[in-house]
1. With no solvent and one equal point scatterer placed on each C-alpha of the range A:101-140, evaluate the Debye formula and give log10 I(q)/I(0) for q = 0.17, 0.22, 0.24 Å⁻¹, two decimals.
2. What is the protein assembly as shown by shape, rounded, prolate or oblate, if you read a ≥ b ≥ c off the alpha carbon gyration tensor as root eigenvalues and call it rounded for a/c under 1.5, prolate for a/b larger than b/c, and oblate otherwise?
3. May I ask you to evaluate 6.51 cos²θ - 1.76 cosθ + 1.60, the Karplus curve with θ = phi - 60°, for each residue of the range B:236-252 and list the ³J(HN,Hα) values in order in whole Hz, giving x for glycine and proline?
4. How high is the relative contact order of chain A, in percent, counting Cα pairs under 8 Å that sit 6 or more residues apart?
5. Please list the three semi-axes, largest first and in whole Å, of the ellipsoid equivalent to chain B, using sqrt of 5 times the eigenvalues of its alpha carbon gyration tensor.
6. Using r as the Cβ-Cβ distance of residue A:178 and residue A:255, and R0 as 30 Å, what FRET efficiency do you calculate, to the nearest 0.05?
7. Quick one: Karplus J couplings for the range A:31-37, per residue in order, coefficients 6.51, -1.76, 1.60, θ = phi - 60°, nearest Hz, x for Gly and Pro?
8. Taking the simple approach of a point 7 Å from Cα along Cα-to-Cβ for both residue A:48 and residue B:59, what is their distance in nm?
Amino acid sequence: MRALRLLGLFFWVGLLNELEYRVNFLLQALQTLLSVGTALAGLAVVFQHTRSLGGWEAAELVVLLGVFQTVAGLMGMVIGPSFERLMRDVREGTLDFVLTKPVSAQFLVSIRQVAVWRLADVVVGLALVVTGGLQYGARVGLGQVLLFVLVLAAGVIIVYSFRLILATLTFWVVRVENIMVIFGSLYEAGRLPVSLYPDWLRVVLTFLVPVAFATTVPAEALTGRLTVENLALALVLAVGLFGVASAFWRYGLRHYTGASA
Amino acid sequence: MSGRAVTGTLVDLARLYRAAFRATLAIQLQYRVSLLIWLLGLVIQPVIYLVVWRTVAGAGQVGGYTAADFAAYYLTLMLVNHATFTWIMHEYDWEIRQGNLSAKLLKPAHPMHFHLADNLTYKLLTLSVVLPALGGLSLAFQPRWTLTPAQVGLGALAVILAAALRWLLEYTLALAAFWTSRVSAINQVYFVVLVLTSGQIAPVGLLPGPLRALAEVLPFRLMLAFPIEVLLGRVEGGALVAGFLGQVLWLAGAVVLFRLLWAAGLRRYTAVGA
């Protein structure tokens, strides 16, 4: 409960900061609409020439695109900016201020910087999921919706844990931003079901960089093609990776020597 | 200073480019990881569309393209895109806002030479990453190439014209930074139109009616799709002549527009922070 209240508080602070620069909202909205518009136009062109893509109908790919956009928005809104600030703090030795607060340091460094306008990505993403799901029609039942929410949460936790591991490297390596950008460009591949990619790339996108669990697997859940193995794998990976990431974070924190302390 | 033309003897220019080349090289070699990152960005987008179209084609063909033809198309696109892309629109925005352009204006040659030298050096350097990447992707996606000497010669000419056209057009658009500090919005719209009509989401022949008509009118097809199709031997006869003619005419138009806007923009320029 306190965690939610803190998250709300940081969102409020982010909003107050940004209200000074309201044109930024229009620019972000423009960027979101252009990006989604381009992706939809691409789909429209492809489906002029085919009825299904690797077994996926157009409506299902809209759902996938929505999941992609939602997760990208969540990451870009909270996790990305917070980890950027973490890296800056470690470099400048100002992380002390976080460590002295009476809250879990891992939680605080993960949520304390909020880029509020990226909410546009989340809203548009969810709208796409709903639109695609409705077009998909009667085949989406309540069970599938619940399963979707569960697997989406697992996917977000997996991507978060993966990025926390990368961010923790900042205690040893100064320029981790680069590795973050690499993850960002590989995440782009999540616009498509991973089953379309050649085997070697599918393995990379599933296990090396867990893009598949954040995009393809939740979309599979909503469209009723999720296998029991993938469900189990997503849940086990979410719990396991979160544990590993937290342990690695605590280990890394021991290497932090504040410059001001 | 306002109406200064692109001047200097060829010898002077050669020395200028050599010096700029050395400076850029020294700067870029410091950021080797950034090169790798940039490479991923260049590779991932075409691979996504390649995977889509390869799947659509399956064992058959779509609009005259088999899966192996799509592989050849998108791998060539990677190379042509590398040869023609610029980041000048971002750079100008930055230089004008920071006032860095002032220093370049004081030098005895048009600033464009410095920007162009920078661009060319970066591309030569990154070619050492692009070529191995192309080799690896060729192994993975099995493209079908049939290259004749004529294709290569005409293709090279089309790529050079395309690079010149894209450079000048984007340089001209970049001058918008003289008038507004919200260039990023213009850039975003520009890149969407570029992606939709230049042959990136699909070969222009596969675009649906209205979008295809738009692509035929706009110059972006000539900056990417046309050189690719020449290299692949997919354009012949009248279409080939029309394509080259279109490139030359757009290029001439871009030169005129650039000169007008450059003169007008310089008069407005008051270096911020100078």
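1. -0.63, -0.74, -0.79
2. Numbers: a/c = 1.86, a/b = 1.23, b/c = 1.51.
Oblate, because a/c is 1.5 or more while a/b does not exceed b/c.
3. In residue order, the calculated couplings are 9, x, x, 5, 5, 4, 4, x, 4, 4, x, 4, 5, 5, 4, 5, 4 Hz.
4. Working: 294 pairs, mean separation 69.2, N = 261.
Reported as a whole number, the value is 27 percent.
5. Details: eigenvalues 234, 89, 66 Å².
Computed over chain B, the values are 34, 21, 18 Å.
6. Values: r = 20 Å, r/R0 = 0.66.
Given R0 = 30 Å and the Cβ-Cβ separation, E is 0.90.
7. 4, 4, 5, 5, 5, 5, x
8. For the pair residue A:48/residue B:59, the computed spacing is 2.8 nm.
Throughout, read-outs are computed from the coordinates displayed, never taken from laboratory work. For clarity, every value in this text was computed on a predicted model and none was experimentally measured. Neighbour counts are summed over all protein chains in view; Cβ atoms, including those assigned to glycine, are modelled from backbone coordinates with ideal geometry.
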